[in-house]
Structures are given as structure tokens and as C-alpha cells.
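Quick notes on the structure that follows.
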Amino acid sequence: MPKTIERACYALAADSKSETAELTLYGNVVKKRPLEIDWDNDRIAKSTDNYIVEQEFLDDLKAVGKCRKLNIRVNSLGGDVHVALTIYSRLRELAENGTELTCSVDGVAMSAGSMIMCAADKVTASESSLIMVHRSMTMPPDYLNADELRKEAEKMDEYDKAIASCYKRKTGKSEAELLRMMSRETYMTGAEAKDAGFVDELTSSEKAIAIAACADKRSLIVGGRTFDLMGAPLPLNLPSVTQPEPQGGADVTDISQTEGGNGIMASNFDELLKENPTLAAAIEKELKAKAEADVSAKANETAAKAVEAERKRIAEIDEIAALYSPELVEAAKYGEKACTAQELSYRAAVENAKRGRKFGDDLLADAKDSGVGGVHAAVPPAEGNGGEKSEDELMAEARAAVKAALGEEVTA
């Protein structure tokens, strides 16, 4: 009886009568299916596409254990080297037990994807297919000193040798030559891969699949499907296109759906923490990271605005600084009661008013203390009144003298 297993990113069809099976591997190779958070809709998702999950694959592979022929269809940018080595070993185990393995590159077989491809005894690809080999990559888990970095490098060298051994079995090339190709991050078309021994047969051009790089240079579009490059470098000669709408790509599912069909009954975080502590911890970590990023972004924005406002304040004070004393300007800029240019002008006006009022008060006081009001000018005797002036005339002359001393205008 035919048996079919369908996953989001691959399918397996086995026919016990003909003892043949076909395994379709479309997606990135991972240890566990990653979580995704849909912030706009407050939902948590487990990505349902573009991932070949190790345990799912190994479980499903048991269904083809008795098949004599297995065709593997690959369209993968690669992924976790540990998982790829496991998949490679299990496929080779089938081959050693008599299963005939063939592999068809339906689009790309890059990095870990090319390792899985090389598990087959016969590989076919179109001329437009893309095959890539490179050295393993890692991200240091923490701050490392020189000795620790050297240990990491030595560990990566051993991984590279393990990867090269997969290629060596298929191509017959020496380890040294393969490591040089991996160091150059070698991209090959189907025809070039055939010349290099990675591909055995080219399919007709009618089956060619269009491959292009997204404009962001972080993903590839292969036959209408979008694949995340996960940091892998792109060849310079690939055409670039604007990111299309997802076609068969990762879907965001509701939080109530989890891996393996087990439903989550929790309706709040406390219930989720009891029901699935691992998932709850992952969600909490994501939320904290987002909150910290938001706070940091706001703090940086506020600080930038404050710096800009301070620069503007100083510049405006400098524009009118020539009108006031250096002491007053310095206090306005950096004193305990630093102020704006407008406040500086107001303070200077108040100071000038105070000084003007005090000057007038002091002048009047000096005039009063001098007794100028009691001093009468000597004038020649006027005809007809014996030379004496009237009291009104004397007072008028005294007022005129005071006004003259104060600098006020004297009118007749």
C-alpha cells in the first residue's frame, strides 16, 4: 500500500509494492522548529514551513526502511551542520543496506543542503541549479580570549574535515582541494557542479528553476519560494528582485497550535508557565528583549533631543552675547540658573532698570544733602522793588538748578 507523509516543507511517498519512495526536502535544516512572535496580533507562532527538523525527518525516514529505491528532491540553503551530518549518515546507512539513492536538485543545494545531496549515489540537476560549498561557521557564545578562540578555530577545522569527507565520497577529490573550494565559498551552476563531480547528470532546460537574490541580499527566491540565507554569502552575479509576497513560505499560526498536534489550553501566561515552561520561558525572553530594545530606543531619542536643544540654546545666547557683560553671558550659559537667550535679555533689562533707578535716587539724595535748595543766586536789584526777588521767583530758580544738576530739560 502506498504511504504518504506530508510535512510543511517536505513530503515522503513510499510504495511498498514497487519498493520505491520519493523524499522531498524543501527548506532550511534545523535541530528544532524555531518560534516566531507576531507582535502586531499578539500571537506566538511556530514556523510551519521552510524548515527540515531533525527528529521529524528521522521519524519519517523509518517509513522507507524497506524501499529499494529512494529519490531525494532537494531545494535547501542549508542550516545546522550537526543535523546535516546526521541526515547524511542515515541516508548512507540506507545505501549500505541496499537502497538505491538518487538526488534531484530542484533549485539550490547550498551548505548543509549540498551535504545531503552528496549522500546520494546519483545526483541530477538543471543547468540553472545552484550548488554551494563553504567552511562551517559559528557564533561565539560569549567573550573569548585568544586561547579560547584558537580552540574554537581548531574545532571548526574538524567540522570542515567532516564536511569535506561527504564531498570526497561523491566527487573523488582530495580533502585539500575540497577545503580550498570551501574556503573560497564556491558557488557552482549545475553544469559547473557536473564538471567538478558533484552532479552526475544534467536535466533538460525545460525543468530549469528561476533563482534570484532578494534586494535585501538576505534571502533567495527559488521557483517562487523565499529562503532565508541565515548569514550565508551570495554570489555577485545573481540578479536581484524585490521581495515578493510569500508563496508556500512560513505561515504564522495561532498560539493554540504547537508541534506534534498537541494543543495549548492556557489562556494566560501563568497557565502557560505551568503547562509548557519551555515555551513560556522563550516567550518571556522575547518580550523582555523587545521591551529593553524599546526603552533603549526611547532613551536614545530623548537624549538626542536634549543635546540638540542645548546646542540651540547656547547658539542663541552667542548671537546676542555682544550686548551684555561676559559675566552675565557666562552665567546664562553655565551658571546654576542657566537660561535661554530670551531669559538673558529679560534679566539684563531688569538689571539696567535697577541701576537707572538707583542712579536717580542717589542723585536726588546728593542734591538734598548739599543744601542746594537753600542757596539763592545773587542778582542785581530790580528797579521798582529795591532789588529784591519775590519768594516765587527764588523757588523757581532753585528748582531749575536742581533739574539742571539732574540733567533734566529746563523749560521757561
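The values are calculated or read from the model by the stated rules, or taken from the named source; none is laboratory data. Since the structure is predicted, the reported quantities are computational estimates derived from the model, not experimental observations. Here the Cβ is made from the backbone with ideal geometry for all residues, glycine too, and neighbour counts use every protein chain on show. When the accessible area is computed, the model is the full protein with side chains, heavy atoms only, and any ligands, DNA or RNA have been set aside. Shrake-Rupley method; radii C 1.70, N 1.55, O 1.52, S 1.80 Å.
When all alpha-carbon pairs of the stretch 45-130 are counted, what percent fall beyond 17 Å?
Numbers: 1718 of 3655 pairs.
More than 17 Å apart: 47 percent of the Cα pairs in the stretch 45-130.
Starting at 0 and stepping by 5 Å, how many percent of the alpha carbon pairs of the stretch 90-178 end up in each bin?
3, 12, 19, 19, 16, 12, 8, 6, 3, 1
Which of the peptides 187-194, 118-125 is most tightly packed, and how do the rest follow, going by the mean number of other Cβ atoms within 10 Å of each residue? Intermediate results must be reported in sequence, preceding the final value.
Numbers: 187-194: 20.6, 118-125: 22.6.
Going from most to least packed, we get 118-125, 187-194.
State to the nearest 20 debye the size of the charge dipole of the stretch 280-357 about its Cα centre, where the only charges are +1 on K and R beta carbons and -1 on D and E beta carbons. Show your work: numbers first, answer last.
Values: 14 positive and 15 negative charges, 59 e Å.
Result for the stretch 280-357 is approximately 280 debye, rounded to the nearest 20.
Using the C-alpha atoms of the stretch 87-138, what convex hull volume per residue, in cubic angstrom, is computed? Mind showing how you got there, number by number?
On the way: hull volume 4.0 nm³, N = 52.
Hull volume normalised by residue count: 77 Å³.
Just list whichever of LYS31/LYS170; LYS32/LYS69; LYS173/LYS194; LYS151/LYS290; LYS32/LYS285; LYS170/LYS194 have alpha carbons separated by over 22 Å in the model shown.
Values: LYS31/LYS170 25 Å; LYS32/LYS69 28 Å; LYS173/LYS194 13 Å; LYS151/LYS290 34 Å; LYS32/LYS285 17 Å; LYS170/LYS194 11 Å.
Cα-Cα > 22 Å for LYS31/LYS170; LYS32/LYS69; LYS151/LYS290; rest within.
Measuring from centroid to centroid over Cα atoms, what is the spacing of the stretch 88-126 and the stretch 303-351 in Å?
75 Å
In Å², what does the accessible area per residue of the stretch 97-137 work out to with a 1.4 Å probe?
Computed with neighbouring chains in place, this is 24 Å² per residue.
Dividing the alpha-carbon radius of gyration of the stretch 286-348 by 2.2 N^0.38 Å (N being the number of residues), what value is obtained? Could the numbers behind the result be given before it?
Values: Rg = 17.5 Å, N = 63, 2.2 N^0.38 = 10.6 Å.
Computed over Cα atoms of the stretch 286-348, the ratio equals 1.65.
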